């Protein structure tokens, strides 16, 4: 791979690209585009923006990612979670629907793009690892539930606001008496139809006599059919006159940013939100990309993914839309439509552009309630209690972590929930490593193996104590180590030699080094020599030349068995 | 040990306490009290309070710690670091010297006491482990330097304020022209005398013909002699009339808290400061206590230390003073004076009470400049560059951590410096563990040992790949692991079996479990079976019943050698 190919992965797949591939990808793109349009409109609405913005967010970002991203399958565009996080980041600063609101969303997309590129330049992708599985699980379930509750206003045709449980519920309760009956009926119809087509559309197509291969391809288009049908119903019955909200006429140009809003203060205020959108979007995207790459035995380069998604977000800002990322349902759709190369991303972007130029009048009567129904049904799938059940069996502590994250998101919002979750996971981990498992070991008779005295029948010596520390030695457990080693010695008044068996120690930092040095000196005062055994190569490299080796009262033994042989012989000599 | 004895350790040492011990401890206490008084006065001044408050802070706290603390040697009272941290916590809310200021300092002592007790109840003592050695080292050096710079105003007899480098320097520069000449001369005399007695007082006493044993005891009293001499000079020459600041007449009652200042808002605002004072004080105290306990082969119980110091701080609040803790120089003094039990803490507290009741007029002419000199000289010993040099050799990253902490304390203050240091150490550690050392291993010919292919000449198999992961598996490296294992497999297209050798894995969390499960499923899709070998007992306990074992495509082998034997035989059969 050349350097250029590394930075522009499109060069690799374009090299072997043939006319036959183009034909195949064009058909796949056409089907994908038709199916992805309702989803894109819905997610724009979720971000608090005019639904049509969802199409703008699906053009330039998709093309840029196809050229610069490292996944061959990932589809980039508006995604439910980042969309709703966008709404919650922008809402404190502007009223939904205002020009100001759109400008801030654009700024957010730009910041998210820049952040992704910065993370890539500084190789800080590892920061995304700080979101542990229980935190993500609690976060996604709670966010999905909040999103569904947020859709109720569209189902009832009422006003409501707030982005967390209590204000949302209060606001809904206050306005519920204004429910618009036609809207409610249409909502019930939409949800019921969507659930029915999901289950029965495939069988229906088979009954119509379509070949199985076409059925497999088209059965996913059920929602599109429901969208078309409900749009017709609204148009024919003029339901918009009865208070049913529709998309209406669509501006022919994308929103543009009002540069007056950009100030350091605004950027600083948006930064935490932008950062969390970036991290959450990136993690979701990479995990989808990786699962497809693994199936096809392709590689994913997380650093190149940061570049691809970063440019996609800058593209989103340039086309007047909001933060985008690689989406799960979008990518599944793409793969199911038969996409074999990122070319489908480029072709479908062009098709969406054509739609925007010539076909927006068709969307006039599209009711927002059907979009809310699409959102709610896809979100309902994300609320999972099976994760909690599994965690509960595996580790109660991690299960509580999920519950705390879930509740914090519901009550305090998505950002606070994530941050609380991350801090708690780090503290839990540090707590765990700061209470290291320390085993006294002895020799399994007749072998050179040394095992825990509490689990095995082993030989020990009254004057030589061997301790195996099952943890990296670093600041969080340095002082605990000090304490425990000293207590072990003060409980065994006879011992003259303490051997630290270092098989499970992969790293040692300056704090641990200092603590060990203290232990060595203090035990020397008390007449006990400290020895090391089975130190790993990389750890030994670090120790050489350090103060610990200089002040060590005992020796460093290559193996535990050599240590015991030498020290017990010495003892016999005395 | 009975339960009561556990909660009131004094019962243990009081049991064997005899009249002879009391005599010995009374002599030790008398000498200790005389020597500790100037230090206590100085540290109260450092806390921004009337010097006499330092004596109040040495009575009740010392008695309470003697009864409830677990160390037999630790001396509790005002300490330099926590005193200056008190000043920096209180200064934003009140003018030094005001009644308001004293009230807030009292509140701070009370909060610190409660926090210590809460940490003890919730067994959260491990939080103190988050301060790594480089952070503490940078913090102490910078704080000591700031304290010395803060004393310059006393040496020059001018006004100045600010608690970080830039405002302090600016303020000193603005007022330097007001320097009081008599004060400056007395300062030079004080510093020079202190330095001289430190070096030559022992020899001088020997020349006087004192026996060696008495010299060893009294040579540390040099500073007391200097204090007495300078106080005489001020009194005889009436230097206070020439602008030399003296302690003056001392109120006969301790300061009391003005209850009006207590509001939730004030408590919330003081909380971060109180928390840091508590943590820093506790760490310093425990480390001194431990070093003496180790020498004497006694135990320290960190949880009981939290109780002892917590009650001591509540005692400090009740006697109208400020946060206290176990001090390094105080404890050294105590041990050197021959203290053998916590009884010295109680006796010296009573002696200080007598001093307060009857001897404060003797302090009238005591110049503040001598106290500033005592502080500066003891702080100068804490500024150390040898730590930085050692760290630089051991780990550049940790050396930078020290430098960043040092600079942040100097420029942004002690609290910010500590917090930045802690966050960076945690990120450094997570960064390290999120880039685990992963080695491909093979068999050392003729043995059952498996070692890194890059360090040893070993036998490998084209279809069986064995990987040793040298790290705990948890959220921060779960995704990296996923990536690396997949890449390893995609680079070795022939392999059919992947064996994970788990010798260095001490823990596994739900995130890692999920990642491993994904790897297992994806590799199964690609025709590769995943096996485990040498899983440790506690890790295996966790895995049993988890989804990973259920979905594992391969087997769990007790030893690596059994795995290779089984898998290569199977291969030969095919």
With a 10 Å Cβ neighbour count serving as the proxy for reagent exposure, in which order, fewest first, do A:502, A:337 appear?
A:502, A:337
Number of partner chain Cβ atoms within 10 Å, mean per residue of B:477-487:
4
Modelling each spin label as a point 7 Å along the Cα-to-Cβ direction, I'd like the residue B:91/residue B:559 distance in nm, to one decimal.
6.5 nm
antiparallel share of DSSP beta bridges within chain A, to nearest 5, in %, is 50 percent
Spin-label pair residue B:456/residue A:178, simplified geometry with 7 Å Cα→Cβ offset, distance in nm:
7.5 nm
Expected-Rg normalisation [2.2 N^0.38 Å, Cα atoms] applied to chain A
1.24
Test item: B:499-510 mean partner chain Cβ contacts at 10 Å
5
Mean shadow area of segment A:380-494, taken as a quarter of the surface of its Cα convex hull (nm²)
10.9 nm²
Centre separation in Å (Cα based) which lies between segment A:453-491 and segment B:479-512:
30 Å
Short to long, in 10 Å steps from zero, the percent of alpha-carbon pairs of segment A:29-114 per bin is 17, 49, 27, 6
Along the Cα→Cβ direction, 7 angstrom out, place labels at residue B:7 and residue A:12. What is the inter-label distance in nm?
6.7 nm
At 7 angstrom along the Cα-to-beta-carbon line, where would the label on residue B:269 sit relative to the other copies? Give the distances in nm, shortest first.
2.4
What FRET efficiency comes out for the pair residue B:525/residue B:412, r = Cβ-Cβ distance, R0 = 51 Å, nearest 0.05?
0.45
Relative contact order in percent for chain A (Cα pairs under 8 Å, 6+ apart) equals 22 percent
For residue B:173, place a label point 7 Å from Cα along the Cα-to-Cβ direction in every copy; what are the distances to the other copies, in nm, shortest first?
6.1
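Using alpha-carbon pairs under 8 Å, 6+ residues apart, how would you state the relative contact order of segment B:335-428 in percent?
Relative contact order comes out at 12 percent.
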Relative contact order (%) - criterion: Cα under 8 Å, at least six apart; region: segment B:13-67
20 percent
In deg cm²/dmol, rounded to the nearest 500, the helical mean residue ellipticity at 222 nm of chain B, built from -39500 (n - 2.57) for every DSSP H run of length 4 or more, is -20500 deg cm²/dmol
Calculated FRET value between residue A:354 and residue B:463, using beta carbons and R₀ = 51 Å, to 0.05
0.50
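Counting DSSP beta bridges with both partners in segment B:446-539, what percentage is antiparallel, nearest 5?
The answer is about 0 percent antiparallel.
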Within the protein assembly as shown, percent of DSSP bridges classed antiparallel, to nearest 5:
45 percent
Mind jotting down the distance between the C-alpha centroids of segment A:52-131 and segment B:298-331, whole Å?
52 Å
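In what sequence do A:468, A:479, B:18 fall when counting other Cβ within 10 Å, fewest first? Walk me through the numbers before you get to the answer.
Details: A:468 22, A:479 26, B:18 8.
Ranking A:468, A:479, B:18 by Cβ neighbours within 10 Å, fewest first, gives B:18, A:468, A:479.
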Compute the Cα gyration tensor for segment A:437-573, then decide on rounded, prolate or oblate, letting a ≥ b ≥ c be the square roots of its eigenvalues: rounded whenever a/c is under 1.5, prolate when a/b is larger than b/c in the other cases, and oblate in all that remain.
rounded
at residue B:447 the sorted inter-copy label distances (label 7 Å from Cα on Cβ side), in nanometres, are 1.7
Quick check: convex hull over the Cα atoms of segment A:289-363, volume per residue in Å³, rounded to an integer?
115 Å³
Limiting things to C-alpha atoms, what are the Rg and the maximum Cα-Cα separation (Dmax) for the protein assembly as shown, in angstroms?
35.5, 120
Classify segment A:137-238 as rounded, prolate or oblate, taking a ≥ b ≥ c as the square roots of the eigenvalues of its Cα gyration tensor: rounded when a/c is under 1.5, otherwise prolate if a/b is larger than b/c and oblate if not.
oblate
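Computed from the coordinates by the stated procedures, all read-outs in this text should not be read as laboratory data. Fair warning: this is a prediction, and the values are worked out from it, not measured in the lab. Neighbour counts are summed over all protein chains in view; Cβ atoms, including those assigned to glycine, are modelled from backbone coordinates with ideal geometry.
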